[in-house]
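Trainee: I'd like to ask some things about the structure below.
The values are calculated or read from the model by the stated rules, or taken from the named source; none is laboratory data. What you are looking at is a predicted structure, and each value in this text was computed from that prediction instead of being measured. Because the Cβ atoms are built from the backbone with ideal geometry, glycine has one as well, and the counts that use them run over all protein chains shown.
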Amino acid sequence: MPTTCVVGILWGDEGKGKVIDYLAADTDYVVRFGGGHNAGHTLVLSSGKLVLHLVPSGIVHSHTTNVIGNGVVVDPIHLCSEIDKLRLRGLDVQLGKNLLLSERAHVILEAHRRQDQWAEALRGSGKIGTTGRGIGPAYSDRCSRVGLRLGDLLRPARLRSALEGLAAQKNAWFVAAGLAPIDVEAVGAELIAAGDRLRPGIVDTGAVLRRAHAAGKRILLEGAQGCLLDLEQGTYPFVTSSHASTGGAFSGTGLPPHLLRVVGIAKAYATRVGEGPFPTELKDDLGNRLRIAGNEFGSTTGRPRRCGWFDTVAVRYSGAISGAGELVLTNLDVLRGFPLKLCIAYKLPDGTTTTELPAFDLDLVQPQLIELPGFDDDLRQVRRFEDLPKNAQAYVQAIEQHTGMSIRTVSVGPERQQVILR
Ligand code: IMP
């Protein structure tokens, strides 16, 4: 049984929550492998909208075990409150049963959040536009080997010495930078209290997953953010601090490398939240109209998302780095009444044309666009590809042709059943 890995193809917010919810119906384990509560995965259930930040989207299915893998950075206070909210919504979240947390996952502290916001303020006009949730500083401390892991919360003596080590490194410059120092006593007490609550769920999830894989269980790896926000392969430095593409799937779970089916999720147009280059961005009224039509506002921060044309150059690049041979195309219904344009190449500042995503000066390329005829019909009730308006079909086929990726699933609305399978 191949493991399936779902990744966002551009800068996140492609509608992964809905697709994972849909795929989770046939899955035993749903596993987050990277990112933190910077993510916002939206599900539309019969009881209404549900936004998950840290808990995997399989939690709404009673038969799945949901795993927060070692590659995720966890704010334990946020996690406790997310679990409380899910329980208030009537979901049966049981730590140690249907929700497992890697003892190796690194911890986001309140100090990381303050450091994130401080660094952003310092960057001024060069800011990244982070979610301000402490993601980058938590991963930095992991790399610097001063981070705390969830398993530390269960070991008071270790926790104390790890916190003292971290405070020794940070407090000197925190104070110099005008930030309040880390109060080891207070932070330690808070973390131990959170650890007591989370204790039944904190286990060696890598061992659990390796056993599950050996036993032929169906595993779904839930990517967060998108390939172009990947720390190494994305639009650096305007990226997140984790390996959001498939590269993070094994190191972030403890599963051995094995054959994966990689599914890339792309919207029928492009969006980006935060700063950074976006070649097909529409900075005009059309972009505003698209934002309203698609309700393009961040599910984590509420920020308006930048909107633009579908970019086959960027999508093909992400398909190549992630290994995604197939795309799930979401939000096709949103393009009703809009002109349809596809970017098929970039013109570089030196006048040459490329179909490769450049590592530098992406903000200086000019998108080379082709226009296709649009459609005026409401697609939300359509369930068969042949029943889509001819122009919508042609648009999907043009995306396949220019990306070289097959599209077998098209989403035509936020609800579970608003899907076309070809
Ligand atoms: P950070 O992950 O908070 O450090 O933010 C780094 C960049 O990634 C910013 O441009 C954020 O807007 C973006 N980002 C982080 N998480 C998400 C997400 O889940 N969806 C879309 N963009 C995200």
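Trainee: Give all pairs with beta carbons closer than 8 Å in which a residue from region 390-408 that is closer than 14 Å to Lys341 by Cβ meets a residue that is of a type outside the set (D, E, K, R) and in a helix (DSSP H, G or I); count only pairs at least 6 apart in sequence or on separate chains.
Mentor: Qualifying pairs under 8 Å: Tyr395/Leu332; Tyr395/Leu335; Ile399/Thr312; Ile399/Val315; His402/Thr312.
Trainee: I've got another one for you. Looking at Leu52, Leu79, Leu95, which is the one that is within 25 Å of Gly188 (Cβ to Cβ), surrounded by 23 or more Cβ atoms within 10 Å (Cβ to Cβ) and outside the structural domain of Arg305 (by TED's automatic domain parsing)?
Mentor: Leu79
Trainee: Please go through region 110-154 and give me each residue that is part of a loop (DSSP other than H, G, I, E, B) and more than 14 Å from the ligand (Cβ to nearest atom), ordered by number. Write out each step before concluding.
Mentor: Of region 110-154, the ones part of a loop (DSSP other than H, G, I, E, B) are 127-134, 144-148.
Scanning region 110-154 gives Ser144, Arg145, Val146, Gly147, Leu148.
Trainee: Okay, next question. When you scan region 92-109, do you find a residue that is within 12 Å of the ligand (Cβ to nearest atom) and part of a strand (DSSP E or B), even just one? Write out each step before concluding.
Mentor: Going through region 92-109, the residues within 12 Å of the ligand (Cβ to nearest atom) turn out to be 108.
From what's left, part of a strand (DSSP E or B): none.
So far as region 92-109 goes, no, none of its residues is within 12 Å of the ligand (Cβ to nearest atom) and part of a strand (DSSP E or B).
Trainee: Same structure again: Which of the residues that make up region 69-99 are out of contact with any Phe, Trp or Tyr (no Cβ under 9 Å at 6 or more places or on another chain) and of a type in the set (A, V, I, L, M, F, W, C)? Lay out the reasoning, then the answer.
Mentor: Filtering region 69-99 for residues out of contact with any Phe, Trp or Tyr (no Cβ under 9 Å at 6 or more places or on another chain) gives 74-99.
Val74, Ile77, Leu79, Cys80, Ile83, Leu86, Leu88, Leu91, Val93, Leu95, Leu99 - these are the residues of region 69-99 that are out of contact with any Phe, Trp or Tyr (no Cβ under 9 Å at 6 or more places or on another chain) and of a type in the set (A, V, I, L, M, F, W, C).
Trainee: Also, I was wondering about something else. Could you tell me how many of the residues in region 71-91 are assigned to a helix (DSSP H, G or I), among the aliphatic types (A, V, I, L, M) and closer than 17 Å to Asp152 by Cβ?
Mentor: Pass one, region 71-91, residues assigned to a helix (DSSP H, G or I): 76-88.
Now restrict to residues that are among the aliphatic types (A, V, I, L, M): 77, 79, 83, 86, 88.
From what is left, the residues that are closer than 17 Å to Asp152 by Cβ are 77, 79.
Counting residues in region 71-91 that are assigned to a helix (DSSP H, G or I), among the aliphatic types (A, V, I, L, M) and closer than 17 Å to Asp152 by Cβ gives 2.
Trainee: If only one of Thr27, Thr4 is assigned to a loop (DSSP other than H, G, I, E, B), in contact with a Leu (Cβ under 9 Å, 6 or more places away or on another chain) and more than 15 Å from the ligand (Cβ to nearest atom), which one is it?
Mentor: Values: Thr4 fails: assigned to a loop (DSSP other than H, G, I, E, B).
Going through Thr27, Thr4 in turn, just one is assigned to a loop (DSSP other than H, G, I, E, B), in contact with a Leu (Cβ under 9 Å, 6 or more places away or on another chain) and more than 15 Å from the ligand (Cβ to nearest atom): Thr27.
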